[in-house]
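The values are calculated or read from the model by the stated rules, or taken from the named source; none is laboratory data. Note that the structure is predicted; figures quoted are calculated from it, not measured. Cβ coordinates were reconstructed from backbone atoms using ideal geometry, including for glycine residues, and neighbour counts include every protein chain displayed. Side chains are part of the model used for accessible areas, which takes the heavy atoms of the whole protein and leaves out ligands, DNA and RNA. Shrake-Rupley method; radii C 1.70, N 1.55, O 1.52, S 1.80 Å.
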Amino acid sequence: MNTTITKSAGMGAIVSDGTVTFRVWAPNAEKVFVAGSFNNWSESEIPLELEENGYWSVVTDMASPGDEYKYFIEHEGSLLPRNDPYAFEVTNSNGNSVIRTLDFDWDDNDFKMPSWNELVIYELHVGTFNRSSPEAVGTFDDVIEKLDYLKNLGINCIELLPVAEFAGGISWGYNPAHPFAIEQDYGGPEAFAKLVNLAHKKGIAVIMDVVYNHFGPSDVDLWQFDGWSENDKGGIYFYNDHRSDTPWGDTRPDYGREEVRQYLRDNALMWIEKYHCDGLRMDATSYIRFEGGGMGYDTEIEEGNILMRDINMELREKYPHVLTIAEDLKGDSRVTDAAEHNGLLYGSQWDMNFVHPVREVIEDTHDDGRDLEKIVGALSYMYSNDAFSRVVYTESHDEVANGKARVPEEIQPGDAESDYAKKRAILGMVLTLTAPGIPMLFQGQEFIEDEYFKDTEGLDWNKEKKHSGIETLISDIIKLRTGEISGGKGLKSQQIEFLHVNNNTKILAYKRFDVNDPTEPVLVILNFSNHAYEDYGIGLNENEPFTLKINAASDIYDDAFSNMEVTDMEIKDKTTDAKQLTGKMSIPAYAALIYTKA
């Protein structure tokens, strides 16, 4: 070992000019050694030197990229084997750390994330999205195979459930064992970088789901990392009192320790800087903010607020295009408010005030029970005076599991492919894609996937063939929103105007428009009943005629749907030969009709 070599800055195993610097935080260690395949796993040959504030480091020319290693930490007579908390790769969740550099040949410099008011997010789980066989776990390469499908659908942003190394090969990903390492069963670091790079080349942004409210709880080498703990809790990375308790284990990070906040901050920046991700979705942020997740009377964790605000502020300053999304689900504008208003600076947050009322209305078994005022409230809700500070959806990984099913199955249990179930599920997707906010779909929603989400079962792509017409419908609406189909600029705006709300007929009509550019308003008419109407008036201004763009209840999308002629709107082609609507009209049962000026 050459002790005259200059150490590199940074944490973990830092490769530089034929040497490797190892640096680790272990403030209660008496001695620290590093051992690996480069020294026959000698637990005493390479000691680390104590730096300031409990950090230890050493530089050696014995180790090289690809070598496996561990730290051996001496504490009160025991020598504790520990994986590197900053390891960018591990052999598996209870294996060894790997010295690794990411020498990936990026060529995505021309990519620019769409503006947030143009985003359409598609949430997917790598392990189930596109399995090569029923037995195989899905991989990053399997997702790459479907990028053209997603692009053709109109998707311009994918949000991945967590891919940090977790215990085993099958998981949702919300049990991170090694936060800096990429799940090997998915393909590891290079394959993930390849996915991001190719997504960018197809115009698709990538948002990464990260878990900072707890770690593990299994295969977590951070637990009692340097031997110290209190109350038989987790040691230096975790709270060692009642604050450690979460619904997912006794493993809430100690946000009060500057070193722990630095660890999580470094992790957040890794996804942006090392892997070129375009945003972060932070899981269960209410459990970072509150000891009990903000359920009723609760004790706030101000240190957790500091963590989130600092991460968001740094990302905004360095990377203004990066979108951070909170899964807070408390309806609290503070999450997305500016710092001067004591806010946490998230760009957006998942909106409970959309998903819950919309699902309640469309899943109601009786038409008479549908309260359109709940839909009005869901469409018009806003955080931080910005429509795009919320993500709107009717399905997410949480909403289609844990006792809750896909929307069509909830509507018609056991008969999710019935006419009623499909049409009302479509009403939910139309609301999502035409609402003020950032719309999100969950994998397979566009082709009426009706199975509960399980990490053990792949997405049923046979349904994509079976319901290709409905997929085309959803694609048409997405492309109208993103601008691939002309006439939909109003959908990118903050504004919504309710033209007709009738709780007797269950007809709702609203207009989306941009006050600064009123040339492309979009009119949406929804029928929440199984009754078809003829000569129905919604009070349109006759001097503002609209043209039918999309009739979601038409049999051109599904053979079982209506062939009812929509008065003043008979069309041979959805986008060309439409007649203009100025007065009364026909509205099929459970219909969604979308009009533009173009």
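Would you confirm, using the coordinates I've provided, whether Asp476 is of a type in the set (Asp, Glu), within 29 Å of Tyr381 (Cα to Cα) and open to solvent by less than 30 Å² (accessible area, probe 1.4 Å)?
Numbers: of a type in the set (Asp, Glu): yes; within 29 Å of Tyr381 (Cα to Cα): yes; open to solvent by less than 30 Å² (accessible area, probe 1.4 Å): yes.
Yes.
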May I ask you to verify whether Val566 is open to solvent by less than 20 Å² (accessible area, probe 1.4 Å), touching a helix residue (DSSP H, G or I) at 6+ places or on another chain (Cβ under 8 Å) and either β-branched (Val, Ile, Thr) or outside any strand (DSSP E or B) (or both)? no
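Okay, residues lined up against (1) within 27 Å of the chain's Cα centre (by Cα); (2) over 23 Å from Val90 (Cβ atoms):
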residue: Phe215; (1), (2): yes, no
residue: Asn240; (1), (2): no, yes
residue: Asp245; (1), (2): yes, yes
residue: Arg257; (1), (2): no, yes
Count - residues of region 13-32 that are touching a residue at least 40 places away in the same chain (Cβ under 8 Å) and farther than 23 Å from Arg257 by Cβ: 4
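Show me the strands (runs of 3 or more DSSP E) entirely contained within region 1-89 in which 2 or more residues are over 34 Å from the mean Cα position of the chain (by Cα). If you could, list the steps in order and put the result at the bottom.
Details: elements: 12-16, 19-25, 31-36, 55-60, 68-75, 78-82.
Hits in region 1-89: 19-25, 31-36, 55-60, 68-75, 78-82.
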For Gly168, only one of the following conditions fails: (1) open to solvent by 10 Å² or more (accessible area, probe 1.4 Å); (2) small (Gly, Ala, Ser); (3) touching a Gly at 6+ places or on another chain (Cβ under 8 Å). What is its number? (3)
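For Lys146, are the conditions met, namely being under 28 Å from Lys454 (Cβ atoms), modelled with pLDDT of 95 or more and open to solvent by 20 Å² or more (accessible area, probe 1.4 Å)? Steps first, please.
Details: under 28 Å from Lys454 (Cβ atoms): yes; modelled with pLDDT of 95 or more: yes; open to solvent by 20 Å² or more (accessible area, probe 1.4 Å): yes.
Yes, satisfied.
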Is it the case that some residue within region 329-343 is surrounded by 16 or more Cβ atoms within 10 Å (Cβ to Cβ), in contact with a helix residue (DSSP H, G or I) (Cβ under 6 Å, 6 or more places away or on another chain), within 27 Å of Gly444 (Cβ to Cβ) and modelled with pLDDT of 95 or more? yes
Name the residues in region 158-181 that are more than 19 Å from Ser396 (Cα to Cα) and over 17 Å from the mean Cα position of the chain (by Cα), would you? Glu165, Phe166, Ala167, Gly168, Gly169, Ala177, His178, Phe180, Ala181
Test set (1) surrounded by 23 or more Cβ atoms within 10 Å (Cβ to Cβ); (2) among the hydrophobic types (A, V, I, L, M, F, W, C); (3) in a loop (DSSP other than H, G, I, E, B); (4) over 16 Å from the mean Cα position of the chain (by Cα) - Ile155 fails condition number: (4)
When only residues in region 1-12 that are aliphatic (A, V, I, L, M) and within 19 Å of Glu259 (Cα to Cα) count, which is least open to solvent (accessible area, probe 1.4 Å)? Met11
Filtering region 384-400 down to residues that are open to solvent by less than 10 Å² (accessible area, probe 1.4 Å) and part of a loop (DSSP other than H, G, I, E, B), which residue is nearest to Arg334 (Cα to Cα)? Tyr393
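Only residues that are open to solvent by 10 Å² or more (accessible area, probe 1.4 Å) and either within 20 Å of Trp350 (Cβ to Cβ) or aromatic (Phe, Trp, Tyr) (or both): list them for region 297-321, please. Write out each step before concluding.
As a first pass, look at region 297-321 and keep what is open to solvent by 10 Å² or more (accessible area, probe 1.4 Å): 297-300, 302-303, 306, 309-310, 313-314, 316-321.
Passing the criteria: Tyr297, Asp298, Arg309, Arg316, Tyr319.
So which of Gly95, Gly18, Gly77, Gly66 is of a type in the set (Gly, Ala, Ser), under 25 Å from Phe192 (Cα atoms) and open to solvent by 40 Å² or more (accessible area, probe 1.4 Å)?
Working: Gly95 fails: open to solvent by 40 Å² or more (accessible area, probe 1.4 Å); Gly18 fails: under 25 Å from Phe192 (Cα atoms); Gly77 fails: under 25 Å from Phe192 (Cα atoms).
That would be Gly66, the only listed residue that is of a type in the set (Gly, Ala, Ser), under 25 Å from Phe192 (Cα atoms) and open to solvent by 40 Å² or more (accessible area, probe 1.4 Å).
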Of everything in region 27-58 that's within 20 Å of Asn96 (Cβ to Cβ) and of a type in the set (Phe, Trp, Tyr), which residue is surrounded by the fewest Cβ atoms within 10 Å (Cβ to Cβ)? Trp41
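Sort through Lys423, Lys404 and tell me the only one that's in contact with a strand residue (DSSP E or B) (Cβ under 9 Å, 6 or more places away or on another chain) and among the basic types (Lys, Arg). Steps first, please.
Values: Lys404 fails: in contact with a strand residue (DSSP E or B) (Cβ under 9 Å, 6 or more places away or on another chain).
Selected residue: Lys423, the only one of Lys423, Lys404 that is in contact with a strand residue (DSSP E or B) (Cβ under 9 Å, 6 or more places away or on another chain) and among the basic types (Lys, Arg).
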Picked from region 172-186 (must be open to solvent by 10 Å² or more (accessible area, probe 1.4 Å) and in a loop (DSSP other than H, G, I, E, B)), the residue farthest from His125 (Cα to Cα) is Asn175
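How many residues are small (Gly, Ala, Ser) and surrounded by 22 or more Cβ atoms within 10 Å (Cβ to Cβ) if we restrict to region 479-508?
Initially, region 479-508 is screened for residues small (Gly, Ala, Ser), giving 483, 486-488, 490, 493.
When the remaining residues are screened for being surrounded by 22 or more Cβ atoms within 10 Å (Cβ to Cβ), the result is 488, 490.
Summing the residues that are small (Gly, Ala, Ser) and surrounded by 22 or more Cβ atoms within 10 Å (Cβ to Cβ) in region 479-508 gives 2.
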If we ask which residues in region 409-432 are part of a helix (DSSP H, G or I) and either out of contact with any helix residue (DSSP H, G or I) (no Cβ under 6 Å at 6 or more places or on another chain) or under 25 Å from Ala509 (Cβ atoms) (or both), their number turns out to be 16
